[in-house]
1. Could you pull out the GluC sites (Glu not before Pro) across the stretch 1-65 that fall in loop regions by DSSP (anything but H, G, I, E, B) with no more than 13 other Cβ atoms inside 10 Å?
2. Give me D for the stretch 1-68 in µm² s⁻¹, whole number, from Stokes-Einstein with Rh from the Kirkwood sum over alpha-carbon pairs, 25 °C and 0.890 mPa s.
Amino acid sequence: MTRMGIPHQKALSYIEFVSQLKGISIEGVSSVFTEDDEYDREQLRLFLDICRKAQASGVRLGLRHIAAAMPFWICPLHIWIW
């Protein structure tokens, strides 16, 4: 969330703001795991929580993606959510 974007504490309000801009549609949201198993579980929880809250407020997120920065063939933590 922070490495490529914004801190998770600000993500929901940012998503809601962007979703209301004229001429803009959200095609997807994503995050990258840190490759620290303990923190990655927490990051996944935060990511899914933000996605649930955004959708509950009526925001269409499009594709949701979270994966490790390592190549997918060596990392067991890969999650695509449609």
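Read-outs: derived from the displayed coordinates by stated rules, not from any lab. Just so we're clear, the structure is a prediction, and the values are computed from it rather than from any experiment. Positions of Cβ are generated from backbone atoms using ideal geometry, with glycine treated the same way; all protein chains shown enter the neighbour counts.
1. Passing sites in the stretch 1-65 are E27, E35.
2. Answer from the Stokes-Einstein relation: 199 µm²/s.
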